[in-house]
Amino acid sequence: MEFISLLQYAAPVALAAMGEVVTQRGGVINIGLEGAMLIASFFAMLVCYTTHSPYLGLVAGVGTGVATAGLFGFFAIILAADQVVVGTAVNLLALGLTGTLFRSKFGQSGQLLSVGRIPAWHGVDPLMVLMLLSVPALWFLISRTGWGLAVRACGEYPKAADASGFSVNRLRMQALLIGGIYAGLAGSYLALVITGSFAENMTAGRGFVAIAMVTFGRWKPQFAFLAALLIGFAESLQYKFQTYGWKVPFQLMIALPYLIALVVLVLVGRGASSPGSLGQPYRKEK
């Protein structure tokens, strides 16, 4: 049961990170991942609250995650705007939009809000199973398919992919939307599995942590998943310490996952070999 609990704590970051691996292998870094997760969390909760169906809430969460990724892609891929600037704008939009809609409908009573959760069997929920199946599935998609080879070419040397007859922007958008699906799953997991509720800014930086785990995992889904388990373990420590009665400042335990992500970026990220054209917009030469 402890391992299942670890998977539950790690799931939001793991799902987002594995989707972001696909996105970044195509040459796009979705800084708006945090915003996509937050919007997905809100609409998953809202639809579940309205329809009393967590599965409809899940569909809404994934749909809005994809839509947010598509919005990012329109500006960052189609219009070739700076990906960091666009991602920051998406995050700010998500924070303001969800906060405004939440307060207009529920006031500031997020602590009292409760919605249905996705059923689990002995602690194992369907999204956890999907997460585990996604590790080999995404590895196969990226490493053993023609589509994956073309996407990796777009991330490494897009001119070569273009010369081979592929549409770089189309492939990048496809990879981004796959990342949007997983961002939607990650946000929905927070609202419909872990909390059964919603609070303003409930993602609390997990999208940025997921991006750090992509670097830690060397842009491979299996390693990004293992890195996310480390974050899940760090999040679970605060509850373990409370159980054992150990007096550790709770602020330290809350900050621990983010400290780990920072250390990863400083120590591990320095020597990491990212896709050659990561973050660089592509315009087809005429």
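Brief remarks on what is shown
- Ala80-Val266 FRET efficiency (beta carbon distance; Förster radius 22 Å; 0.05 resolution): 0.15
- Net charge of neighbours whose Cβ lies under 11 Å from the Cβ of Ala14, counting Lys and Arg as +1 and Asp and Glu as -1: 0
- Taking the fewest neighbouring Cβ atoms within 10 Å as the starting point, the ordered list for Cys48, Cys154 is Cys48, Cys154.
- Cα long-axis angle, helix 54-73 against the chain (0 to 90 degrees, to the nearest 10): 40 degrees
- Of the residues Leu237, Val59, Phe198, the one whose Cα sits farthest toward the positive end of the charge dipole of the chain, with +1 on the Cβ of Lys and Arg and -1 on the Cβ of Asp and Glu, is Val59.
- Partners for Lys159 among aspartates and glutamates (Cα-Cα distance below 13 Å; same-chain residues under 8 apart left out): Glu285
- If R0 is 22 Å, the Cβ-Cβ spacing of Leu132 and Val59 corresponds to a FRET efficiency of close to 0.55.
- Length added when fully stretched, Ser114-Lys159, from 0.36 nm per residue minus Cα-Cα: 11.1 nm
- Order of Ser277, Ser167, Ser236, Ser188 - criterion: other Cβ atoms within 10 Å of each residue's Cβ, fewest first: Ser167, Ser236, Ser277, Ser188
- Remark on the range 181-226: Rg and Dmax equal 11.9, 34 Å (Cα only).
- Per-residue Cβ neighbour rank within 10 angstrom, fewest leading, Leu133, Leu262: Leu133, Leu262
- Radius 11 Å from Cβ of Ser274, net charge of other residues (Lys, Arg +1; Asp, Glu -1): +1
- Here the range 16-61 and the range 144-158 have alpha carbon centers that stand 25 Å from each other.
- Among Gly165, Gly61, Gly116, residue whose mean-square fluctuation peaks in a GNM of the chain (springs only between Cα atoms under 10 Å): Gly165
Coordinate-derived values only; no laboratory data. All values reported here derive from a predicted model rather than from experimental measurement. Here the Cβ is made from the backbone with ideal geometry for all residues, glycine too, and neighbour counts use every protein chain on show.
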